[in-house]
Amino acid sequence: MHEFSVAQQLVLAASQAVPRPELVREVGVRVGLLSGLVSESLAFGFEAAKQHSAIPQAVLKIQVAYRSGFCPACNLTFEHAHFWAPCPKCGSQDTQNQGGDDVQLAYLEVDE
Amino acid sequence: MTRIPQNWSLKEQNRQAAKQQQRLFDRAGCLVIELLGSPGCGKTSLQEATLPALDRCGVLNGDMASDRDIQRLKPFCGWAIQIETGNRCHLSASDWGVLSASELAMVDWVFVENVGNLVCPAAFPMGAHRRVLLVSTPEGHDKFTKYPTAIAAADLVVISKMELAPYVDFDADFARESIHSIKPHLPVLELSVRQQTGLEAWMIWLYLQRSKHCQSEVVP
Ligand SMILES: Nc1nc2c(ncn2[C@@H]2O[C@H](COP(=O)(O)OP(=O)(O)OP(=O)(O)O)[C@@H](O)[C@H]2O)c(=O)[nH]1
Ligand SMILES: [Mg+2]
Ligand SMILES: [Zn+2]
């Protein structure tokens, strides 16, 4: 629902990250499966937000990010798409879960 | 073409803004409680039942339009401020800009009613010390697993309109189980503002948060 305002924040962050933003060709973003954002809407919002910005040439590349679980008993790290998930190996409910709930600017591709 | 790694994060950005805001609250010595939940789940009604029992309160209310909730709450508090969010679906830390330092100094408790919405406000912490998720029984006991972000963000779940539970087939045990499948140990209170049940536990929870907050208060 608030994809447009997130897109605006991304455009601003990307514009301020490099000395010559007009040379930014690609904006690489990781969108968590649990961020509550719809990637298509974010891409749509980005197209609108980049007009009249410092990075009008930039193309948005979205990569989906999963949540990562850790089972201390098995010393096992696993990916999943829930806030919390039991260990897939031993079934333990005592797992630590993190990530997959954020939107991150991962990289910028800049023309030489 | 050169690839330049970046580490900007939306969550971190929002967290910093919220933290900065929380420092202002801490300095003013007030405890800020945010209420989240769908339209009509009973956020304003719960405040109407709570504020008369508390001294020195302020209220901030986010709604897409109209100041009806503020009119309802004004009689019970030092100040009541409405933020018409227009087409925004959530409040954010910058919305506190409408408050002056002297207004903050007037109160010990601040209640913030976020826009009635189970999705967006959860992702935008405003710097409240505690976030309370309200879900009313007519919404159904399966709502919790459908909106896990709201649960993950909450410090307490209040199930409201409990007196309606038998009429809407609301299974409180099922509700608790699904809440805890998302966030184990999250406290859950059941209450009815209409029948004035469960309100003592809610008041106790509030005072407990207040004393915890006073103990941990570090003013930098
Ligand atoms: N039966 C019953 N109705 C209640 C209870 N608490 C609130 N209501 C009713 O639920 C309706 C909505 O209550 P509000 O307090 O306005 O809900 P809200 O969450 O503030 O709504 P928005 O601000 O529009 O998002 C009103 O008609 C209240 O009278 C309750 O304990 N039992
Ligand atoms: Mg209300
Ligand atoms: Zn295991």
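The values are calculated or read from the model by the stated rules, or taken from the named source; none is laboratory data. The structure presented is a predicted model; accordingly, all values stated were derived computationally and were not measured. Virtual Cβ from ideal backbone geometry, glycine too; neighbours counted across all protein chains shown. Accessible surface is based on the protein model in full, side chains and every heavy atom, while ligands, DNA and RNA are left aside. Shrake-Rupley method; radii C 1.70, N 1.55, O 1.52, S 1.80 Å.
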key: Residue that is nearest to ligand 2 (Cβ to nearest atom), among those in region A:55-83 that are open to solvent by less than 50 Å² (accessible area, probe 1.4 Å) and not in a strand (DSSP E or B)   = A:PHE83
task = Give the residue, chosen from B:ARG88, B:ARG15, B:ARG68, that is within 12 Å of ligand 1 (Cβ to nearest atom), within 24 Å of B:ALA150 (Cβ to Cβ) and open to solvent by 60 Å² or more (accessible area, probe 1.4 Å).
result = B:ARG68
inquiry  = Show the residue pairs meeting these rules: Cβ distance below 6 Å; 6+ apart or different chains; first residue within region B:99-115 and farther than 23 Å from B:ALA153 by Cα; second residue open to solvent by less than 10 Å² (accessible area, probe 1.4 Å) and among the small types (Gly, Ala, Ser).
reply    = B:VAL107/B:GLY58
query = Somewhere in region B:155-167, is a residue open to solvent by less than 20 Å² (accessible area, probe 1.4 Å), part of a loop (DSSP other than H, G, I, E, B) and not polar (S, T, N, Q)?
reply = no
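Based on what the data block shows, is B:SER100 in contact with a Ser or Thr (Cβ under 9 Å, 6 or more places away or on another chain) and among the hydroxyl-bearing types (Ser, Thr, Tyr)?
Details: in contact with a Ser or Thr (Cβ under 9 Å, 6 or more places away or on another chain): no; among the hydroxyl-bearing types (Ser, Thr, Tyr): yes.
Here the answer is no, as B:SER100 does not meet what is asked.
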ask   = Does at least one position in region A:92-110 carry a residue that is modelled with pLDDT of 95 or more, open to solvent by less than 30 Å² (accessible area, probe 1.4 Å), more than 16 Å from ligand 1 (Cβ to nearest atom) and acidic (Asp, Glu)?
value = yes
ask   = How about region B:30-65: which of its residues are more than 25 Å from B:ILE159 (Cβ to Cβ), surrounded by fewer than 19 Cβ atoms within 10 Å (Cβ to Cβ) and at pLDDT 90 or above?
value = B:ASP55, B:ARG56
inquiry  = Can you tell me which of (1) of a type outside the set (A, V, I, L, M); (2) under 16 Å from the mean Cα position of the chain (by Cα); (3) open to solvent by less than 60 Å² (accessible area, probe 1.4 Å) is the one B:LYS143 doesn't meet?
reply    = (2)
inquiry  = Step by step: first the residues of region B:51-64, then only those that are under 14 Å from the mean Cα position of the chain (by Cα) and within 13 Å of ligand 2 (Cβ to nearest atom), then the one that is farthest from B:GLY97 (Cα to Cα). Which residue is that?
reply    = B:ASP63
query = Any idea which residue in region A:1-23 is farthest from A:GLN57 (Cα to Cα), counting only those that are more than 9 Å from every other protein chain (Cβ to nearest Cβ) and not in a helix (DSSP H, G or I)?
reply = A:PRO19
